[in-house]
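Undergrad: I'd like to ask you about the structure that follows.
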Amino acid sequence: MTALAELTRIYTDRAAAARGGPVYGYVGADVPVEQLTAAGVLPVRLWGDPAGDTAPGDRYLGKGLDPVARSVLTRLLAGAYGTLDRVVVSRDCEASLRLFYALRELRRVEPELDLPEPYLVDVLHLPHRTTTRYVRARLEQFRDRLHDWTGTTADLPGAIARHDEQRRLLAEAAELRRAVPARLTGTEFLAVAGAGTVLPVTEHLDLLRRLLAEAADLPEHTGRRIFLTGSGHDTPEVYRALEGAGHLVVGEDHDWGDLLHLRQVGTGTLTALAERYQHNGPTAQRATTRARAAHTAAAARACRAEALVGYARRGDEAPPWDFPAQRAALPELPAALLERQEYGRIDLEGIR
């Protein structure tokens, strides 16, 4: 089996790949996975199911919240992720924060549900040294809590080095789909990156090295080159629909794709780790419109995109606020904004 086939297989059945122990689920890209790896824990990023019924999650979170959070809660209630020792949640958006509060309260008032204990990592993104000190203090608390839970003396510098290498190799893989013609589709890159959210980092590194070694044998892909901005995509359905219609997603600005690898930690210190997560992004929920527009314009041009597509899922209200500035920053590209899309679906008529 080729490395790409293996990565795709793992991504397609992430629940089966997320095995071993202890296993901590996490929500949001602001969770410092380096600390989990350093503590001997397997970090597994939780994902939703666009085709699944969210009624149990709706009961506790309401139907007005981003459906990804409602789906994740539904799947936690059903035990769909297998055995999770704990769930670590970041404050990357309002939906994640509401999910944390729901999990904490459900463990208090309905202990028979047997939900894993939640923990909140509060990373802020203001560009100030006082913010760095605040984030570092939160990571210190998280380090101490992990020690209490696992009894492990963490090797943080080693974990940081492994995850930085993972990000470096992901950046090389991203270049394969930026190539003309592309060697990876957008759907394939989602699988390459997403497999790393459920595998031990050393296993993902081995597969990434194999993928890059096999790059010359990968098929060529063509199509209208699209840069996708807006809501994140924790599942591949929207990418498949776009690429099935003859487009090619060559880049994106959400944290299940390119934002996973754009910023390194650099040194093995807690301060450097705090700065990495403080300045990570820019996401629609945490960055200014100006920063988002500048990032999207630079990234789309680097990908040699031929069109800009904004995608905003129903319940995710932040991305449409950025789109006028993003479109203005890329006057040479045709652009379309698709708002209030159903989770995992896209109205292709909107970009025809």
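The values are calculated or read from the model by the stated rules, or taken from the named source; none is laboratory data. Computed from a predicted model, the values in this text were never measured in an experiment. Using ideal geometry, Cβ is built from the backbone for each residue, glycine included, and neighbour counts are taken over all protein chains shown. We work out accessible area using only protein heavy atoms, side chains counted, and drop any ligands, DNA or RNA first. Shrake-Rupley method; radii C 1.70, N 1.55, O 1.52, S 1.80 Å.
Undergrad: Identify, from the list Ala241, Ala287, the residue that is among the hydrophobic types (A, V, I, L, M, F, W, C) and modelled with pLDDT under 95.
TA: Numbers: Ala241 fails: modelled with pLDDT under 95.
None of the other options fit; the residue is Ala287.
Let's see how each residue does on (1) among the aliphatic types (A, V, I, L, M); (2) in contact with a strand residue (DSSP E or B) (Cβ under 9 Å, 6 or more places away or on another chain):
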| position | (1), (2) |
| --- | --- |
| Ala216 | yes, no |
| Glu220 | no, yes |
| Thr229 | no, yes |
| Val250 | yes, yes |
| Gln264 | no, no |
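Undergrad: What number of residues within region 181-214 are in contact with a Lys or Arg (Cβ under 6 Å, 6 or more places away or on another chain) and farther than 21 Å from Trp47 by Cβ?
TA: Pass one, region 181-214, residues in contact with a Lys or Arg (Cβ under 6 Å, 6 or more places away or on another chain): 184, 187, 189, 197-198, 201.
After this cut, where a residue has to be farther than 21 Å from Trp47 by Cβ as well, the list is none.
Residues that pass the stated criteria total 0.
Undergrad: Since Asp13 meets every condition but one in (1) open to solvent by 10 Å² or more (accessible area, probe 1.4 Å); (2) touching a Gly at 6+ places or on another chain (Cβ under 7 Å), which condition does it not meet?
TA: With (1) open to solvent by 10 Å² or more (accessible area, probe 1.4 Å); (2) touching a Gly at 6+ places or on another chain (Cβ under 7 Å) applied to Asp13, the lone miss is (2).
Undergrad: Can I ask one more? Considering only region 137-186, state which residues are open to solvent by less than 30 Å² (accessible area, probe 1.4 Å), in a helix (DSSP H, G or I) and more than 26 Å from Glu117 (Cβ to Cβ).
TA: If the condition is that a residue be open to solvent by less than 30 Å² (accessible area, probe 1.4 Å), in a helix (DSSP H, G or I) and more than 26 Å from Glu117 (Cβ to Cβ), then Gly158, Asp164, Gln166, Arg167, Leu169, Leu170, Ala173, Ala174, Leu176, Arg177, Gly186 are the ones that fit.
Listed here are the residues, each with its yes/no results for (1) open to solvent by 30 Å² or more (accessible area, probe 1.4 Å); (2) closer than 25 Å to Thr150 by Cβ.
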| site | (1), (2) |
| --- | --- |
| Leu77 | yes, no |
| Val89 | no, yes |
| Asp92 | no, yes |
| Arg104 | yes, yes |
| Arg108 | yes, yes |
| Pro116 | no, yes |
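Undergrad: Considering only residues of region 212-245 that are touching a Pro at 6+ places or on another chain (Cβ under 9 Å) and of a type in the set (Ser, Thr, Tyr), which is nearest to Arg301 (Cα to Cα)?
TA: Per the criteria, the residue is Thr229.
Undergrad: Could you identify the single residue in Leu65, Leu61 that is farther than 20 Å from Gly194 by Cα and within 21 Å of the chain's Cα centre (by Cα)?
TA: Values: Leu61 fails: within 21 Å of the chain's Cα centre (by Cα).
Every option except Leu65 fails the conditions.
Undergrad: For region 294-329, how many residues meet the condition of being among the aliphatic types (A, V, I, L, M) and open to solvent by less than 10 Å² (accessible area, probe 1.4 Å)? Show your work before the answer.
TA: So in region 294-329, the residues among the aliphatic types (A, V, I, L, M) come out as 294, 297-300, 302, 305, 307-309, 312, 318, 325, 328-329.
Filter once more, so that each one left must be open to solvent by less than 10 Å² (accessible area, probe 1.4 Å): 297, 300, 307-309, 312.
Of the residues in region 294-329, 6 are among the aliphatic types (A, V, I, L, M) and open to solvent by less than 10 Å² (accessible area, probe 1.4 Å).
Undergrad: Another question, if that's okay. Quick check on region 252-273: of everything there that is among the small types (Gly, Ala, Ser) and under 21 Å from the mean Cα position of the chain (by Cα), which residue is nearest to Thr132 (Cα to Cα)?
TA: Of the residues in region 252-273, the ones among the small types (Gly, Ala, Ser) are 257, 266, 268, 272.
Then drop every residue that is not under 21 Å from the mean Cα position of the chain (by Cα), which leaves 257, 266, 272.
Numbers: Gly257: 25, Gly266: 16, Ala272: 9 Å.
Filtering region 252-273 for residues that are among the small types (Gly, Ala, Ser) and under 21 Å from the mean Cα position of the chain (by Cα), the one nearest to Thr132 (Cα to Cα) comes out as Ala272.
Undergrad: Another question, if that's okay. Could you list all residues from region 106-124 that are in contact (Cβ under 8 Å) with a residue 60 or more places away in the chain and touching a helix residue (DSSP H, G or I) at 6+ places or on another chain (Cβ under 6 Å)? Before the answer, list the steps.
TA: Taking region 106-124 as the starting set, the residues that turn out to be in contact (Cβ under 8 Å) with a residue 60 or more places away in the chain are 116, 121, 123-124.
If the condition is that a residue be in contact (Cβ under 8 Å) with a residue 60 or more places away in the chain and touching a helix residue (DSSP H, G or I) at 6+ places or on another chain (Cβ under 6 Å), then Val121, Val123, Leu124 are the ones that fit.
Undergrad: Just the residues that are assigned to a helix (DSSP H, G or I) and either modelled with pLDDT under 95 or over 17 Å from Gly232 (Cα atoms) (or both), please, taken from region 290-318. Give the steps one after another, and end with the answer.
TA: Taking region 290-318 and keeping what is assigned to a helix (DSSP H, G or I), we get 290-302.
Arg290, Ala291, Ala294, Ala297, Ala298, Arg301, Ala302 - these are the residues of region 290-318 that are assigned to a helix (DSSP H, G or I) and either modelled with pLDDT under 95 or over 17 Å from Gly232 (Cα atoms) (or both).
Undergrad: Mind listing whichever residues of region 234-247 are on the phi < 0 side of the Ramachandran plot and either in a loop (DSSP other than H, G, I, E, B) or crowded, with 23+ Cβ neighbours inside 10 Å (or both)? Break it down stepwise before answering.
TA: Here is the first cut: in region 234-247, the ones on the phi < 0 side of the Ramachandran plot are 234-245, 247.
Passing the criteria: Asp234, Thr235, Pro236, Val238, Tyr239, Leu242, Ala245.
Undergrad: Sticking with this structure for a sec: Please work out which residue is surrounded by the fewest Cβ atoms within 10 Å (Cβ to Cβ), limiting yourself to region 31-70 and to residues that are of a type outside the set (A, V, I, L, M, F, W, C) and within 30 Å of Thr153 (Cβ to Cβ). Explain how you work it out, then say what you get.
TA: Narrowing region 31-70 to residues of a type outside the set (A, V, I, L, M, F, W, C): 32, 34-35, 37, 40, 43, 45, 48-50, 52-54, 56-60, 62-64, 66-67, 70.
Restricting the remaining residues to those that are within 30 Å of Thr153 (Cβ to Cβ) gives 32, 34-35, 37, 40, 43, 45.
Values: Pro32: 29, Glu34: 27, Gln35: 23, Thr37: 23, Gly40: 16, Pro43: 25, Arg45: 21.
If we take residues in region 31-70 being of a type outside the set (A, V, I, L, M, F, W, C) and within 30 Å of Thr153 (Cβ to Cβ), then Gly40 is surrounded by the fewest Cβ atoms within 10 Å (Cβ to Cβ).
The rows are residues; the columns are (1) among the hydrophobic types (A, V, I, L, M, F, W, C); (2) under 27 Å from Gly20 (Cα atoms).
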residue: Arg178; (1), (2): no, no
residue: Val198; (1), (2): yes, yes
residue: Leu207; (1), (2): yes, yes
residue: Ala215; (1), (2): yes, no
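Undergrad: Would you tally the residues in region 187-225 being polar (S, T, N, Q) and assigned to a loop (DSSP other than H, G, I, E, B)?
TA: Here is the first cut: in region 187-225, the residues polar (S, T, N, Q) are 187, 197, 202, 222.
Subset that is assigned to a loop (DSSP other than H, G, I, E, B): 197, 222.
Total satisfying the criteria: 2.
Undergrad: Let me ask another. Looking for something assigned by TED's automatic domain parsing to the domain that holds Arg224 and touching a His at 6+ places or on another chain (Cβ under 6 Å) - is there at least one such residue anywhere in region 303-323?
TA: Checked region 303-323: no residue is assigned by TED's automatic domain parsing to the domain that holds Arg224 and touching a His at 6+ places or on another chain (Cβ under 6 Å).
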